[in-house]
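Note sheet for the following structure.
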Amino acid sequence: MGVNPTPNAPAMKSQTATQPVPDQGPSFIQVQNTDMLSSNVVGLDIHNSQNDNIGKIQDIAFDTSKKVTGYILSVGGFLGMGTRYVAVNPDAVMVSYDAENKVWKATMNATKDQLKQAPEFKYGGQWTASRS
């Protein structure tokens, strides 16, 4: 029979140290020639089916899982005066590459008036923070 030398002492719990996650290093990918880059999209003028210029892709919104959730469009205005921003579902904008003319194009089924009446997107908070 074993004797507990300190019968009133609390039982010791087994302690296991948390192992640090090994540094996996950078994860490299192969970008396909069919993929789009943000630099191909930001700055594109958007035209509708009547070939009216209805706005410009000003920015791209991502969620925390890095999925594109919207395009921020600049609409209206002239020479920067009166310009406002609206956020649209990326599925509403068709971005494509015209291989024959070697240009990127963006089209959307909307009018200038519809975009002018859309809820305004305002930059603020973390969206205006500086980068380190």
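Could you tell me whether Gly43 is at pLDDT 95 or above, more than 20 Å from Gln126 (Cα to Cα) and part of a loop (DSSP other than H, G, I, E, B)?
It is true that Gly43 is at pLDDT 95 or above, more than 20 Å from Gln126 (Cα to Cα) and part of a loop (DSSP other than H, G, I, E, B).
(1) surrounded by 12 or more Cβ atoms within 10 Å (Cβ to Cβ); (2) among the charged types (D, E, K, R); (3) closer than 22 Å to Asp35 by Cβ: which one isn't true of Arg84, the others all being true?
The number of the failed condition is (3).
Go through the stretch 114-128 and count every residue that is within 17 Å of the chain's Cα centre (by Cα) and free of Cβ contacts under 8 Å to residues at least 40 places away in the same chain.
7
If we keep just the residues of the stretch 98-113 that are in contact (Cβ under 8 Å) with a residue 24 or more places away in the chain, outside any loop (DSSP other than H, G, I, E, B) and not aliphatic (A, V, I, L, M), which is farthest from Val42 (Cα to Cα)?
By that ranking, first place goes to Lys112.
The values are calculated or read from the model by the stated rules, or taken from the named source; none is laboratory data. Just so we're clear, the structure is a prediction, and the values are computed from it rather than from any experiment. Neighbour counts run over all protein chains shown; Cβ positions are idealised from the backbone, glycine included.
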